[in-house]
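See structure below.
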Amino acid sequence: MTSPAMDPNRFSLPEYRNHLLERRLIRRRDQAGCTDAEIEQVMRAQRLTRLPALYRDFLKVMGKSPYPLMTGTDWSLHDLLEIKDAAQELLREDGADPAILEDALVMAMHQGYIVLYIPQAELAPDDPEVWLYEEQGQPRRQWPSFRRFLLSIAEAREKEIAVYKNLAATGRSRNRSTAAHTSPKPPRPSRRSSR
C-alpha cells in the first residue's frame, strides 16, 4: 500500500501526510499540526518530560486534527489533554492496574473501551512500539512501531473509502453498511461518550 518513494520503515511525517493526500485519504484543509506550545501542553497533561521523536513529529504535522483517520477514536490535541486520566479510570474500573499507564503516552482511546499507548514514553525509541489495552483484556503490543501503526490506519482508511464508494455505486446507504472501521476493533456500545 505504500508508494515507491515511501520506505515503510523510514518515512517522515511530511512524507506520510503527502502519501495520504496523494491517495485522497485525507483533505489538506482537514489537517492541522500542533504548535510547540501545544505539544508542551500535551506533555504536561500526560505528565511526561519527553515524547518519542516520531510521535512529536506527528503532532507537529497533523496532531491537532488527525481526522478522518480513525473516526470514532479520540486522539486529537483536545483529546490528548484529558485522555490519560480517562484511560486510567477505565483500567481501574476494569480491575486492571492503572499504574501501567503512569509513564506511558496515552495516544488514543476508542469508544471508551480501547486504549492505545506507548509504554515508558520518556525512554522509548524514536519510533516506538504501540500497545493496546482492551476492556476485560490484557495489555499487548499491537504494532512493532509507530510507523507501522500509521501505515495500518492509512490502510484501514483506504478500505473504508472503497466500501463507501461501492455502497454509493450500488445505491445502498451508509447506515446499512458493514464498512471496515478505521479503528483497531469494531465499535461496540459503551458507557463512555466518544467522538
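The values are calculated or read from the model by the stated rules, or taken from the named source; none is laboratory data. Treat the numbers as computed from the prediction; the structure is a model and nothing was measured. In this analysis, Cβ positions are derived from the backbone assuming ideal geometry, glycine residues included, and neighbour counts consider all displayed protein chains. The protein model used for the area step is the full one, side chains on, heavy atoms only, and it has no ligands, DNA or RNA in it. Shrake-Rupley method; radii C 1.70, N 1.55, O 1.52, S 1.80 Å.
Table for the structure above
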read-out: Separation of alpha-carbon centers, segment 35-65 and segment 115-142, rounded to whole Å; value: 17 Å
read-out: Residue 126-residue 86 FRET efficiency (beta carbon distance; Förster radius 25 Å; 0.05 resolution); value: 0.40
read-out: Accessible area per residue, Å², segment 23-179 with all protein chains present, probe 1.4 Å; value: 48 Å²
read-out: Restricting segment 5-46 to trypsin sites (Lys or Arg not before Pro) in coil, as DSSP defines it, with at most 13 other Cβ within 10 Å; value: 10, 24, 27
read-out: Cα pair count fraction exceeding 24 Å, expressed as % - segment 1-99; value: 32 percent
read-out: Over the chain - Rg/Rh using Cα atoms and the Kirkwood inverse-distance radius; value: 0.96
read-out: Within the accessible area of the chain (1.4 Å probe), percent carbon and sulfur; value: 46 percent
read-out: Debye, to nearest 20: dipole size of the chain, +1 on Lys, Arg Cβ, -1 on Asp, Glu Cβ; value: 1080 debye
read-out: Selection from 90, 73, 59 lying farthest towards where the dipole of segment 1-93 points positive, charges on Cβ; value: 59
read-out: Highest average packing first - 146-153, 32-39, 110-117, Cβ atoms within 10 Å; value: 110-117, 146-153, 32-39
read-out: Calculated FRET efficiency for the pair residue 12/residue 71, C-beta based, R₀ 35 Å, to 0.05; value: 0.90
